[in-house]
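Let me begin by presenting the structure, written as structure tokens, before commenting on it.
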Amino acid sequence: MAALPPARHLLRAKDLADARYAEPLAVADLAAAAGLSRAHFSRAFRQAFGESPHVYLLTRRLERAASLLRTTDRPIARICFDVGLNSLGSFTTSFTRMYGRSPAAYRAAYPPAADYALVPGCVLRAYGRPQHRTFREDGADGPVIG
Amino acid sequence: MTIKIATAQLWVHDQEVALDFWTNKVGFEVRADVTLPELGNFRWLTVGPVGQDDISVCLMAVPGQPVMDDQTREQVLDVVGKGFANAVFLSTDDCDAAYAELSGRGVDFVDKPEDRPYGRDCGFRDPSGNQIRLTQLFELPNQ
């Protein structure tokens, strides 16, 4: 009998982040879902999916926030808490960094779109997730030398 | 002339595990299960939904040499296991009932039933990591 695909256990952690982003999930919870120690998990997750579990969870939450900004009239502060973030200030900062405009400006730029009506929700969720951007404080996007 | 979809392929890591999942948990029926000794015991295994005889899903084992070199096989297994390889979109006339029934048989849902603009749907993965959506489409205007 063949073994499970190599990354199948890591997918359980990713699915947990997708399903329960609104709860106070931490990397330790994701590691437990994958059945790995926290230190080993972060490395393995990053190797499999190209970003750290922390960043994945953050971008998932911001993607859900962007979706709620587009499709609901909930107040911005409530959206922040509804996606599992607990600081309005850091939500606004992270959102603005990823989407290039503040939550309010983002909402104003996207009238509720019936265009999305027939695209499955899982597709929107996957393709709507923002590309993680930093101010290069972690050096990840630094210039290639040589 | 007509062209219709007959069979679509899913990569699976283990055909026995996949067969058990798709028949005993999802409730599909076996359409073909043929092992060919002359092709290195290649097993053509297809399943399909009861009541829709002309469409099936082929549960394809990820092959080794000579079809795939070992590195490619590992890559395919890895991509399947990351959930990036395949998706199947199923429809139902009652999403909540289907969710309850499949959950009761041990299907591990990643999305519980929820209303979408197009219908009510939920989602699960097969044992290999393939994403399956189960949707109860609303009636749309102009259709």
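The values are calculated or read from the model by the stated rules, or taken from the named source; none is laboratory data. Computed from a prediction, not measured in an experiment: that's the story for all the values here. With ideal geometry, Cβ positions are generated from the backbone for all residues, glycine too; neighbour counts draw on all protein chains shown.
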query: Looking at the range B:9-49, which of its residues are among the aliphatic types (A, V, I, L, M), farther than 21 Å from residue A:3 by Cα and modelled with pLDDT of 95 or more?
result: B:26, B:30, B:47
task: Tell me which of these residue B:124 doesn't satisfy, since it passes every other one: (1) closer than 17 Å to residue B:28 by Cβ; (2) modelled with pLDDT under 95.
output: (2)
query: Right, residue B:78: of a type outside the set (Gly, Ala, Ser) and away from chain A (no Cβ under 11 Å) or not?
result: no
query: Which members of the range B:130-143 meet the condition of being surrounded by fewer than 16 Cβ atoms within 10 Å (Cβ to Cβ) and within 9 Å of chain A (Cβ to nearest Cβ)?
result: B:140
message: For the range A:36-58: of the residues being more than 14 Å from chain B (Cβ to nearest Cβ) and outside any helix (DSSP H, G or I), which is surrounded by the fewest Cβ atoms within 10 Å (Cβ to Cβ)?
response: A:37
message: With the requirement that a residue be more than 14 Å from chain A (Cβ to nearest Cβ) and assigned to a helix (DSSP H, G or I), what does the range B:1-30 give you?
response: B:22, B:23, B:24, B:25
- prompt: Any idea which of B:108, B:78, B:33, B:70 is of a type outside the set (Phe, Trp, Tyr) and either farther than 19 Å from residue B:13 by Cα or under 15 Å from the mean Cα position of the chain (by Cα) (or both)?
  reply: B:108
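Okay, residues lined up against (1) buried (at least 18 other Cβ atoms within 10 Å of the Cβ); (2) within 13 Å of chain A (Cβ to nearest Cβ):
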site: B:32; (1), (2): no, no
site: B:35; (1), (2): no, no
site: B:53; (1), (2): no, no
site: B:68; (1), (2): no, no
site: B:74; (1), (2): no, yes
site: B:101; (1), (2): no, no
site: B:109; (1), (2): no, yes
site: B:120; (1), (2): yes, yes
site: B:128; (1), (2): yes, yes
- line: Of the residues in the range B:1-30, those that are under 17 Å from residue B:80 (Cβ atoms), of a type in the set (Gly, Ala, Ser) and either over 12 Å from the mean Cα position of the chain (by Cα) or buried (at least 17 other Cβ atoms within 10 Å of the Cβ) (or both) come to B:18
Selection count, the range B:43-83, where residues are over 14 Å from residue B:31 (Cα atoms) and not in a helix (DSSP H, G or I): 11
- line: Contact list, first residue from the range B:5-29 and without any contact (Cβ under 8 Å) to a residue 60 or more places away in the chain, second anywhere and of a type in the set (S, T, N, Q) and surrounded by fewer than 20 Cβ atoms within 10 Å (Cβ to Cβ), beta-carbon distance below 7 Å, six or more apart or interchain, is B:29/B:23
- prompt: What is the number of the single condition among (1) in contact (Cβ under 8 Å) with a residue 60 or more places away in the chain; (2) buried (at least 22 other Cβ atoms within 10 Å of the Cβ) that residue A:23 does not meet?
  reply: (2)
Any chance residue B:97 is of a type in the set (A, V, I, L, M, F, W, C), surrounded by fewer than 17 Cβ atoms within 10 Å (Cβ to Cβ), away from every other protein chain (no Cβ under 13 Å) and farther than 30 Å from residue B:3 by Cβ: yes
